[in-house]
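Okay, so here's the structure we're looking at.
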Amino acid sequence: MLNKGQSEEELFAFLAQKKSEDLDHDFILSSMCTIPHSVAVRAHCMFMETNLGDPGLFPGTFSLEQLLVRRFGSLFHCETAGGYATSGGTESNIQALRLARVQNCGIREPNVIVPESAHFSFKKACDMLSLEIRPAPLGRDFRMDADAAAGLIDKNTIGLIGIAGTTEYGMVDPIAGLAKIAVQHDLFFHVDAAFGGMVIPFLDRPAPFDFSLAGVTTIAVDPHKMGMSTIPCGCLITRDPHLLDSLNIDTPYLTVKQEYTLAGTRPGAPVAGALAVLDYLGTEGMKAVVAGCMKNTERLIAGMETLGYARAATPDLNVATFSCEKDAVPVPWRVSWTRQNHLRAVCMPHVHAGRVEAFLLAMQEHKKR
Ligand code: 0PR
């Protein structure tokens, strides 16, 4: 702690210096976050001091959170769905498994079945909730093998998880098949659509992944990914509008007497940002954004294959993966590497057509050396 405060000028010169050390989004192909939409930034700034952890003080902001949940309920084919805004996919996944745990509190050694492709947040959730994690293998297409998943179910299984838009390969698991299995075994079925939930509904031929399928209990969707909101904003959406009440604990001195959220103090600003983007763009605007991202993904795959880097998968969503040596990618470009060592590039909205061409050119020039 400094003894004497700094001048504003000095302070902001320091902050600007630190900001300039961050990477330029122009070269970031590894991220599932993006530059927030301008309306999200404007809305975020309006709601900076709001705290959804004490909603009675901020009834207007709270009604925006409810509206956001309503928008997702309708997008996911269940107008009466419930839910709330989380800090992102990790919290939504933890809370979904908490719900599954509470509903099956009689089971002493509970397990959950997740695809091998599941995001590492499920490891955190299972660790916190003392759940055995049972990884189900993927097929050759990088999608969860539904029959293999069914084979892992036993009397101690409390939940089944499917991924609609996998982190590494951008695949959508066979959610319809998994939903049937969930119905047959009367299982809690959580769909992690943290990434895909704001892509799949806007595709020309969307694969079913939501509440239109009987058996889907909860869905995680992240506005701070393809929803172009400010960070942090995720949502956990529940088919049963009262499901979250099973997590309620007493909060004696707040404006509300009970709370089911994981976090206490929760920012209203990114929630306003998320709703602003949805209502500004509408379905038509989101379709245009998604179509652009998918087109850029296809162009990236075609361009990389021309350079001799074969695709690892033909993705359902805007995540492209390739067989490629690590030293083939020139500085300052940032890609990521999957657990199977495939180059991974996510064509987020900031990765527009010009940046895809620039990357391909850089890869080509680097190859000549
Ligand atoms: N579920 C899925 C399918 C995800 O892809 C992710 C994050 C999560 C859950 C967890 O979401 P939160 O990180 O919001 O809690 N996927 C990205 C990943 O781990 C997150 C990310 C974003 C990583 C931007 C890096 C980055 O620069 O790759």
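Among (1) without any contact (Cβ under 8 Å) to a residue 24 or more places away in the chain; (2) away from the ligand (no atom under 16 Å from the Cβ), which single condition is residue 64 missing?
Every condition holds for residue 64 apart from (1).
Look through the stretch 78-98, keep the residues that are hydrophobic (A, V, I, L, M, F, W, C) and within 16 Å of the ligand (Cβ to nearest atom), and return whichever of them is nearest to residue 201 (Cα to Cα).
85
Output the residues belonging to the stretch 77-128 that are open to solvent by less than 50 Å² (accessible area, probe 1.4 Å) and at positive phi.
83, 88
Can you find a residue in the stretch 262-273 that is touching a Pro at 6+ places or on another chain (Cβ under 7 Å), modelled with pLDDT of 95 or more, among the β-branched types (Val, Ile, Thr) and within 16 Å of the ligand (Cβ to nearest atom)?
No, the stretch 262-273 contains no residue that is touching a Pro at 6+ places or on another chain (Cβ under 7 Å), modelled with pLDDT of 95 or more, among the β-branched types (Val, Ile, Thr) and within 16 Å of the ligand (Cβ to nearest atom).
Quick check on my filter: what residues within the stretch 171-189 are in contact with a Phe, Trp or Tyr (Cβ under 8 Å, 6 or more places away or on another chain) and either within 10 Å of the ligand (Cβ to nearest atom) or not in a helix (DSSP H, G or I) (or both)?
Answer for the stretch 171-189, where residues must be in contact with a Phe, Trp or Tyr (Cβ under 8 Å, 6 or more places away or on another chain) and either within 10 Å of the ligand (Cβ to nearest atom) or not in a helix (DSSP H, G or I) (or both): 171, 172.
If you scan the stretch 151-168, which residues turn out to be open to solvent by 10 Å² or more (accessible area, probe 1.4 Å) and within 11 Å of the ligand (Cβ to nearest atom)?
167, 168
Mind listing just one residue for me: the one in the stretch 324-339 that is surrounded by 10 or more Cβ atoms within 10 Å (Cβ to Cβ) and of a type in the set (Val, Ile, Thr) and, of those, farthest from the ligand (Cβ to nearest atom)?
It comes out as 329.
Could you grab me the full set of residues in the stretch 207-229 that are surrounded by fewer than 24 Cβ atoms within 10 Å (Cβ to Cβ) and among the β-branched types (Val, Ile, Thr)?
Within the stretch 207-229, just 217 meets the criteria.
The values are calculated or read from the model by the stated rules, or taken from the named source; none is laboratory data. Computed from a predicted structure; not experimentally measured. Methodologically, a virtual Cβ is constructed for each residue, glycine included, from the backbone with ideal geometry; neighbour enumeration extends over all protein chains shown. For accessibility, only protein heavy atoms count, side chains too; no ligands or nucleic acids. Shrake-Rupley method; radii C 1.70, N 1.55, O 1.52, S 1.80 Å.
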